[in-house]
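Down below is the structure, laid out as structure tokens.
The values are calculated or read from the model by the stated rules, or taken from the named source; none is laboratory data. Computed from a prediction, not measured in an experiment: that's the story for all the values here. As a convention, Cβ positions derive from the backbone with ideal geometry for all residues, glycine included, and neighbour counts pool all protein chains shown.
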Ligand SMILES: Cc1cc2nc3c(=O)[nH]c(=O)nc-3n(C[C@H](O)[C@H](O)[C@H](O)COP(=O)(O)OP(=O)(O)OC[C@H]3O[C@@H](n4cnc5c(N)ncnc54)[C@H](O)[C@@H]3O)c2cc1C
């Protein structure tokens, strides 16, 4: 019998469900499940269960409810708010979805794919591509995150502007409830007004209500033309005005509009190998704009030229480069996607994942830039994000030469100051990464009491024994 912190007899019953070969108990083998990618959140568990199918998940949750054992669902373990980590008690059991990794069906008439929770996002994208379709959820972690984790965290990323977040890309789910009951809500329907939308309670629930074991996701036609521009601008207001022009000219063909502060690009060029600025001169702000056309490459090219031309004419755009080919478009995107990583060599970074109404983005940036200096004089704002969604990653790097730990000790004060601006604008303190452990106290302290009360009542009715990912989100 392996050494576990939970009752050995109970552990043995869990292990019997999946079989010895699919229960992880060796301390060395447990390690990757107990810390998240940046090492910011870690926990203790003596048992990881790797079920093969819905029936095994159901048996595990039934036993967990019966024995009061806390279960922590884990997908690709790429979440950024600690929601997939066990606590430090050693009594929580991690349930890994990695072996539920089948694509059950691709339906080209309905434009849907039925996938099990453990299918890696990139595998789904490739399968869609092989079928001349696009699955437009696109994240930096797509090589390892899983669709069950994407849905449970309602992931966003760069495709939200045109295609919506994970919630909007999901038509149906199969869920195992804490009692072990299986809710089969795997429906392909675009129209279905038959009572409460149960599916959407599980999407974004961070594993606190049940385990998503499968989902039906939407596919879209693969664009025939895709054009990318890298644009230099004087300030976020110019970017907002350009966005207004672009969205009214392109509509759903505007598939990305990413805003980046000069410092974000400077760090990237300095620290990420083989990167070059697409423009000769320097600009205070940049936009990466992508246009996709369902008709043709010429159509996409014409549209992007029209928008950039209008921006130049109205003196919003200072300079712009259009990618000459797919490889160059990839280079432009790589600059944007490396921005988070390029901050690491600059020392401590305090991060905010916030959203405000798009029209308020310039005012938000101006106010945040001022307030962070009142918390830590000399702190360096590093702002980039999905402007088209009103979602900014407003990060703050430590002052040059500062002590990292001392700087990071101001994180609560920094969050409070930045989030106060967000709340005053009716924005969100978690646009796409979720609540998890990171923002739980703040959510409980600042959300309307009635909203928290309703969430607690929902949690209690689904999970009366409190076994599903306790201590997370709510
Ligand atoms: C480099 C990098 C870039 C990223 N970029 C983005 C981005 O652009 N946009 C964005 O939104 N996020 C981003 N993320 C965050 C992260 O990748 C996403 O939140 C992702 O959706 C998590 O998927 P996962 O499979 O790793 O889930 P995990 O991290 O394993 O789990 C996340 C949450 O879901 C729960 N869970 C997992 N699977 C299930 C299941 N089957 N049933 C019930 N609950 C489950 C877990 O308990 C936890 O609460 C990024 C992360 C990294 C490391």
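If you check 37, 32 for being within 11 Å of the ligand (Cβ to nearest atom), surrounded by fewer than 16 Cβ atoms within 10 Å (Cβ to Cβ) and within 30 Å of residue 135 (Cβ to Cβ), only one passes: 37. If the condition is being in a loop (DSSP other than H, G, I, E, B), on the phi < 0 side of the Ramachandran plot and over 18 Å from the mean Cα position of the chain (by Cα), then the range 64-96 contributes 69, 70, 86, 87, 88, 89, 91, 92.
To keep it simple, each residue is scored yes or no on (1) assigned by TED's automatic domain parsing to the domain that holds residue 174; (2) within 15 Å of the ligand (Cβ to nearest atom); (3) over 29 Å from residue 190 (Cα atoms).
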| site | (1), (2), (3) |
| --- | --- |
| 89 | no, no, yes |
| 110 | yes, no, no |
| 116 | yes, yes, no |
| 121 | yes, yes, no |
| 125 | yes, yes, no |
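Given the criterion within 14 Å of the ligand (Cβ to nearest atom) and under 19 Å from residue 212 (Cβ atoms), identify the matching residue among 149, 172, 140, 159. Only one candidate qualifies: 149.
Taking the criterion of being surrounded by fewer than 20 Cβ atoms within 10 Å (Cβ to Cβ), touching a helix residue (DSSP H, G or I) at 6+ places or on another chain (Cβ under 8 Å) and modelled with pLDDT of 95 or more, the residues of the range 1-24 that qualify are 10, 13, 17. Scanning the range 436-447 turns up no residue that is surrounded by fewer than 21 Cβ atoms within 10 Å (Cβ to Cβ), over 24 Å from the mean Cα position of the chain (by Cα) and more than 15 Å from the ligand (Cβ to nearest atom).
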